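Take a look at the structure set out below.
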Amino acid sequence: MVAQASLRRLLVASLSLAAMAPACAVAQTTPQPAAPAAKDAAINADVTTSTDASTAADAGASDVAQIVVTARRQSERAQDIPVAVAALPAKTLEQNRAYTLSDVQALVPSMVAYQSNARNSSIGIRGIGVSSAADGLDTTVGVYVDGVYLGRPGMALEDLIDVDQLEVLRGPQGTLFGRNAAAGVVNVTTKAPSFSPDLTIEGSYGNFNYEQIKASISGPLVDGLVAARLTVFGTHRDGVLQNIKTDTSDNSVGRSGARLQFLFTPTPKLRIRLIADTSTEDDTCCVSVIKSVLPASLSASTAATLQAFASLGYTPVASTNFTQINSPQDMLTDQHSLSGEIDYDLGWANFTSISAWRYWHFHPMQDSDGTPLDIIQVNVAQTKDNQYTQEFRLASNPGRFSWQTGLFFFHQDLGDHYILNQFGADASAFYTLYNHDLKGTALVPGTTIATGSQYIGDTHALEDSDAAFAQANYKILDNLILTGGLRYTYEFKHGITNTSTVGTPYVPTSIPFHDNAGIAAGNLSYLVSLAYKITPDVLTYVSYSTGYQAAGLNLNSAPVAGTSIILQPENVSDFEAGVKSSFFHDRVVANFDFFTEYLTGLQANITPVGGGKSYLANVGDIRSQGVEGEVDWSITDNLTLSANGSYNDAHYTRYPNAPPPAGEPSSVVTQSLTGRPVFQAPKWIANVIGRYEWAIGDNLKPYAQVQYSYRSSSFGDVQDSPGSLIPAYSLVNARIGTKFGGHYDASLWIANALNQVYFQTLGSSSIPGAGSFAFGGELGTPRTFGATLRAEF
């Protein structure tokens, strides 16, 4: 209801914007002053660009060849930089209805994005980066929006609305970006205010009562001096997973938000951009289903768990058609931010300052035992995070020798009131029956657990990260460029967690712990690359770089005996060789790169066998090695084909004493995973898009598009448990529509057209303090379809 009310309010706002359109359309404005030279140079001189201007205008030429990116904090043509980067302009995102990072992964190679809830979302690149989003852990893949680093993974889950361009950089990034990123960067740039009036309104409706409204309006407030842009959105969809216990549906979508921007250009050399945004999530996301039930013969604890279930009237059933959870499922998240960017042309260099504050609040309710029984009622976390970032950069003018240098400061203050377990009305009976069956003895006086009893963890974590970085490019020859970069980072973390209890929780699972730990460390990382232009349209390069993810703190669970709560940092080294090319007057753009990455000290989440609470640990070293490719082909002036994919062999190079796999006999104590695949790292990823556009007279411009994506199988847990193997799957999306009247676009679309049933996550299911009884995970979205009407003025 809240999401629907938000949509109604956004619809009113959209209609109000539409009413303003005529006034905006006739507004007289002066041309927007040019941005500082170093900021707006379409092709920076750190690499040679000899593509002819006339070439870009050739009929049928691929737009991809002319995409300008800010991946290196300057405006450069993507084809001219020695970086493995996938650039998705607004046009591509809109055509493929890519509104979330989960959608984006179907458009680029080597990327994995998933969420088990808004707090535990993860992004991986080349098999590195998928881990738990714990309070004391940073992300291996950095996400930036308008130059601002997002310190918590859940901050990146809002809809990607009114985006100008999204870039995915693969491999370590640190010598040009604010926060060190060991695996890669997702760099999102939203559309800035414009001195030329524009208005966009889009509405969609589909099955499962899918509704999405997007609207943006931009124009001058003071001609040539002040411009503004307002963006609003709301996305709602009913649940797609039947709950046969509550007779409702789960896994709904409910997101809404707004962004207000101002652009000030008091002089031709000075630009100031101020951004305020707010967004909320209110839905029933991330409910799992059971893929397989473990046999009672597996172990005494599994047998005792299944027998206790049966005594209480529940028999687990493997099915992808329904869930049986009985507790409320309500994902609640809200976040707000303010940022200011100043760009000033000093004449000899360009100065940039980005200051930002961001607040993220996660306060959900979710079923914790995954059954229709009232054993562990809900998992509740009140997470409040305030972060402050400041970045200063100085960039030289183009020349034979060009450079950038900067300072970055990050402060995070996180508080978490986490109800680790809240026990329900069936808890006493379940644990009494479980202990009786486990011991095989006569029933003794039972465990007494008052309904509503809680096991609580209160965490306060502080983090500071300060860094200085620099990168320079030197033209040895006009077509041979050497690039070098350095970064020094100093990190400090301190965390305190105190546990407490309310009522009479189950003692074996309510382990008291009081953590008070801190860690401080410095790191020097670097980059060296050599780029050579064989021809004006063929760039080759080799590079070697290092990356770093700060040490972590295990603050949300009782440490295993003998295990430190301090996790050692991750260190990454990466070697790449690549080629970027275009042929036939840019009708064909083909880019390939080969990479080998080594990571030591992988930080990951381990779920112990026997119902123990998961915990963080350094789990071993890995190697990720493979090839990535992207091809765009303008077959005719009307028909385009784009394809990208990756082969990635990511495996543990050293992990001799790994925890045993879940779902295996209890006699297995440890295992060696050396040489085994890394979890959540599909070996093969392939994405293909075909689009045909034509014209009927001067008014109608129909189009049709088909999108195919494939992912090979991968393990869902760090132990490579056989039951956690996520099967390979393929998805097909399609869209047909027409542009008409010079302003309008109407289309019909279908996603997951073949109604493929597939898992996004998969792991063992257990009751805290009891045995594993199944493997389950979150399903992907089933077939959805609908219609969209878009208007641009």
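Pick from Ala304, Ala356: which is surrounded by 19 or more Cβ atoms within 10 Å (Cβ to Cβ), modelled with pLDDT under 95 and either under 23 Å from the mean Cα position of the chain (by Cα) or more than 30 Å from Asp416 (Cα to Cα) (or both)? It would help to see each step written out before you state the result.
Details: Ala356 fails: modelled with pLDDT under 95.
Going through Ala304, Ala356 in turn, just one is surrounded by 19 or more Cβ atoms within 10 Å (Cβ to Cβ), modelled with pLDDT under 95 and either under 23 Å from the mean Cα position of the chain (by Cα) or more than 30 Å from Asp416 (Cα to Cα) (or both): Ala304.
Taking the numbered list (1) touching a residue at least 24 places away in the same chain (Cβ under 8 Å); (2) within 30 Å of Ile566 (Cα to Cα); (3) surrounded by fewer than 14 Cβ atoms within 10 Å (Cβ to Cβ) in turn, Thr448 passes all entries but (2). Screening the stretch 585-600 for residues that are open to solvent by 60 Å² or more (accessible area, probe 1.4 Å) and part of a strand (DSSP E or B) and picking the one that is modelled with the lowest pLDDT gives Thr600.
Every test in (1) of a type in the set (A, V, I, L, M, F, W, C); (2) surrounded by fewer than 19 Cβ atoms within 10 Å (Cβ to Cβ); (3) out of contact with any His (no Cβ under 9 Å at 6 or more places or on another chain) is passed by Ile375 save one, and that test is (2).
Quick check: anything in the stretch 746-765 part of a loop (DSSP other than H, G, I, E, B), touching a residue at least 24 places away in the same chain (Cβ under 8 Å), open to solvent by 20 Å² or more (accessible area, probe 1.4 Å) and at positive phi? Among the residues of the stretch 746-765, at least one is part of a loop (DSSP other than H, G, I, E, B), touching a residue at least 24 places away in the same chain (Cβ under 8 Å), open to solvent by 20 Å² or more (accessible area, probe 1.4 Å) and at positive phi, which makes the answer yes.
Let's see how each residue does on (1) open to solvent by 10 Å² or more (accessible area, probe 1.4 Å); (2) modelled with pLDDT under 90; (3) closer than 27 Å to Ile275 by Cα; (4) outside any loop (DSSP other than H, G, I, E, B):
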{"site": "Ala106", "(1), (2), (3), (4)": "yes, no, no, no"}
{"site": "Pro109", "(1), (2), (3), (4)": "no, no, no, no"}
{"site": "Val112", "(1), (2), (3), (4)": "yes, no, no, yes"}
{"site": "Ile123", "(1), (2), (3), (4)": "yes, yes, yes, yes"}
{"site": "Ser132", "(1), (2), (3), (4)": "yes, yes, no, no"}
{"site": "Gly136", "(1), (2), (3), (4)": "no, yes, no, no"}
{"site": "Thr139", "(1), (2), (3), (4)": "yes, yes, yes, no"}
{"site": "Tyr144", "(1), (2), (3), (4)": "no, no, yes, yes"}
{"site": "Gly151", "(1), (2), (3), (4)": "no, yes, yes, no"}
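Here the stretch 505-526 is the region considered, the condition is being of a type in the set (A, V, I, L, M, F, W, C) and open to solvent by less than 40 Å² (accessible area, probe 1.4 Å), and the residue that is nearest to Ser557 (Cα to Cα) is Phe513.
Kindly indicate which of Thr640, Thr670, Thr674 is β-branched (Val, Ile, Thr), surrounded by 14 or more Cβ atoms within 10 Å (Cβ to Cβ) and more than 25 Å from Thr596 (Cα to Cα). If you could, list the steps in order and put the result at the bottom.
Working: Thr670 fails: surrounded by 14 or more Cβ atoms within 10 Å (Cβ to Cβ); Thr674 fails: more than 25 Å from Thr596 (Cα to Cα).
Among Thr640, Thr670, Thr674, only Thr640 is β-branched (Val, Ile, Thr), surrounded by 14 or more Cβ atoms within 10 Å (Cβ to Cβ) and more than 25 Å from Thr596 (Cα to Cα).
Looking at the structure I just gave you, is Tyr455 closer than 30 Å to Glu391 by Cα and under 33 Å from the mean Cα position of the chain (by Cα)?
No, not satisfied.
Restricting the first member to the stretch 630-645 and to residues that are within 12 Å of Asn591 (Cα to Cα), and the second to residues that are open to solvent by 40 Å² or more (accessible area, probe 1.4 Å) and among the acidic types (Asp, Glu), the beta-carbon pairs closer than 9 Å and six or more apart or on different chains are Asp632/Asp63. If the condition is being aromatic (Phe, Trp, Tyr) and touching a helix residue (DSSP H, G or I) at 6+ places or on another chain (Cβ under 8 Å), then the stretch 417-430 contributes only Phe430. Listed by position, the strands (runs of 3 or more DSSP E) inside the stretch 246-336 whose residues that are touching a residue at least 40 places away in the same chain (Cβ under 8 Å) number at least 3 are 253-267, 270-283, 289-293.
The values are calculated or read from the model by the stated rules, or taken from the named source; none is laboratory data. Every value quoted in this text rests on a predicted model; they were computed, and no experiment measured them. Here Cβ is always computed from backbone atoms with ideal geometry, including for glycine, and neighbour counts include all displayed protein chains. Note: areas computed on protein heavy atoms with side chains; ligands, DNA, RNA excluded. Shrake-Rupley method; radii C 1.70, N 1.55, O 1.52, S 1.80 Å.
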